[in-house]
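Notes follow once the structure below has been shown.
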Amino acid sequence: MASNIKNAANPVDETAEVNRAQIEHRAAWMGLIYDEMVKAGIDAEPVIRRAIKRCGRMHGENFKKKCADPGNCADFKNVFLGELAIKTFDMRPVNADRDNVAVDFHYCALVGAWQKLGFDDKTCALLCDMAMEGDRGIAEAMGLTLDLETTIAQGCPDCKLRFHKAGPKTN
């Protein structure tokens with residue numbers, strides 16, 4: 001069955017390519033651990049989600065400490081989305097104001113790894129959503145909400161992540 005996932009990497013500098021390879025390596029671990037747990041008859045999804053969210057919360061707490069004003073989403077963006085991350089995931093545009101961070105990813109090294117391992121689109125989408133628990137945990141630690149509007153793993157051209165202050169969205 002042909003894949004509906006389009007995930008082509010634009011060439012970037014050597015450092016970003018090394019970062020992509022490291023992310024692919026970690027994604028391969030995640031995917032293979034999930035696959036082995038399922039083969040062993042273990043309900044892997046809730047365990048993996050909890051572990052990844054826990055890791056995200058730890059990272060979020062660290063980001064929060066680095067923010068001059070943790071209540072300012074623009075400050076969070078500057079700490080969370082450095083130049084290397086922007087190149088690695090081909091993020092454009094990246095917008096932030098006091099209450100919101102909006103970023104579109106046009107490449108995902110994690111999805112690339114899962115595709116190379118031969119996982120079907122449905123499994124790639126599930127692995128992606130589980131991996132997003134890390135970003136959800138970061139948002140939670142920052143006192144933000146994360147809306148994941150689209151993902152490459154769902155066959156969309158990009159991943160649209162929208163962090164905003166908890167409560168109703170502001171524009």
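The values are calculated or read from the model by the stated rules, or taken from the named source; none is laboratory data. Source: prediction; values computed, not measured. In this analysis, Cβ positions are derived from the backbone assuming ideal geometry, glycine residues included, and neighbour counts consider all displayed protein chains.
Within segment 76-103, being among the charged types (D, E, K, R) and either within 22 Å of residue 8 (Cα to Cα) or surrounded by 18 or more Cβ atoms within 10 Å (Cβ to Cβ) (or both) holds for 77, 83, 87, 90, 92. Looking at segment 123-131, is at least one residue surrounded by fewer than 20 Cβ atoms within 10 Å (Cβ to Cβ), in contact with a Cys (Cβ under 7 Å, 6 or more places away or on another chain) and either closer than 27 Å to residue 33 by Cα or of a type in the set (Phe, Trp, Tyr) (or both)? For segment 123-131, residues surrounded by fewer than 20 Cβ atoms within 10 Å (Cβ to Cβ), in contact with a Cys (Cβ under 7 Å, 6 or more places away or on another chain) and either closer than 27 Å to residue 33 by Cα or of a type in the set (Phe, Trp, Tyr) (or both): absent. Could you list, in sequence order, all residues of segment 142-160 that are surrounded by 20 or more Cβ atoms within 10 Å (Cβ to Cβ) and part of a helix (DSSP H, G or I)? Answer for segment 142-160, where residues must be surrounded by 20 or more Cβ atoms within 10 Å (Cβ to Cβ) and part of a helix (DSSP H, G or I): 142, 152, 153.
Would you check if there is a residue in segment 136-147 being touching a residue at least 12 places away in the same chain (Cβ under 8 Å) and in contact with a Pro (Cβ under 9 Å, 6 or more places away or on another chain)? Yes.
Scan segment 29-85 for residues that are under 18 Å from residue 95 (Cα atoms) and of a type in the set (Lys, Arg) and the total you get is 1.
Against the numbered list (1) under 18 Å from residue 48 (Cα atoms); (2) surrounded by 15 or more Cβ atoms within 10 Å (Cβ to Cβ), residue 106 comes up short only at (1). Listed conditions (1) closer than 21 Å to residue 151 by Cβ; (2) touching an Asp or Glu at 6+ places or on another chain (Cβ under 7 Å); (3) at pLDDT 95 or above are all met by residue 3, apart from (3).
Across segment 161-171, which residue is nearest to residue 108 (Cα to Cα) among those that are of a type in the set (A, V, I, L, M, F, W, C) and either under 12 Å from the mean Cα position of the chain (by Cα) or surrounded by 22 or more Cβ atoms within 10 Å (Cβ to Cβ) (or both)? Among residues in segment 161-171 that are of a type in the set (A, V, I, L, M, F, W, C) and either under 12 Å from the mean Cα position of the chain (by Cα) or surrounded by 22 or more Cβ atoms within 10 Å (Cβ to Cβ) (or both), the one nearest to residue 108 (Cα to Cα) is 161.
Scanning segment 107-124 for residues that are among the small types (Gly, Ala, Ser) and under 18 Å from residue 135 (Cα atoms) turns up just one, 109. Annotation: residue 3 fulfils all but one of (1) surrounded by 14 or more Cβ atoms within 10 Å (Cβ to Cβ); (2) in contact with a Gly (Cβ under 9 Å, 6 or more places away or on another chain); the unmet one is (1).
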